[in-house]
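Engineer: Just dropping this structure here.
Just so it is clear, none of the values below were taken in a lab; they were calculated from the coordinates. Quick caveat: nothing in here was measured; it's all calculated off a predicted structure. With ideal geometry, Cβ positions are generated from the backbone for all residues, glycine too; neighbour counts draw on all protein chains shown.
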Amino acid sequence: MKDNEENAPPKIHILISLADKTKLILPDSDRKFLSEMNQFQLEGRYPDYMQNIYKIYKSKETKIILDQVNTLRKCLLKKL
């Protein structure tokens with residue numbers, strides 16, 4: 001499915017905004033998860049922010065999040 005005629009992603013990093021620019025209809029739970037994932041994107045713009053992430057997310061929490069990311073990724077790939 002191509003929702004972007006230019007075949008180039010918009011220059012934004014807010015995942016929910018990117019999803020909104022497609023024809024995908026995501027359940028509220030996936031939309032909420034995408035919004036929560038934006039906190040991890042800040043590393044590129046604010047390297048010091050990573051120290052806060054390391055304090056909050058330990059191995060167990062990180063595995064849970066990665067499993068959720070993988071589940072959503074598979075779901076999105078099926079919709080392509």
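Engineer: Using the beta-carbon distance between I56 and K78 and R0 = 35 Å, what value does 1/(1 + (r/R0)^6) give for FRET efficiency, to the nearest 0.05?
Structural biologist: 0.65
Engineer: Something else: Can you give me the distance in nm between label points at N70 and S29, each placed 7 Å from the Cα along the Cα-to-Cβ direction?
Structural biologist: With each label point 7 Å from Cα toward Cβ, the separation is 1.8 nm.
Engineer: Would you mind checking K11/K78; K58/K78; K32/K78 for any pair whose Cα atoms are more than 22 angstrom apart?
Structural biologist: On the way: K11/K78 24 Å; K58/K78 30 Å; K32/K78 20 Å.
Exceeds cut-off: K11/K78; K58/K78.
Engineer: Which length gain, in nm to one decimal place, applies between I12 and M37 when the Cα-Cα distance is subtracted from 0.36 nm times their residue separation?
Structural biologist: Taking I12 through M37 to full extension adds about 7.6 nm, to one decimal.
Engineer: What length, rounded to one decimal in nm, is gained on full extension from T22 through to D48, with 0.36 nm per residue of separation minus their alpha-carbon distance?
Structural biologist: My answer for the length gained is 6.1 nm.
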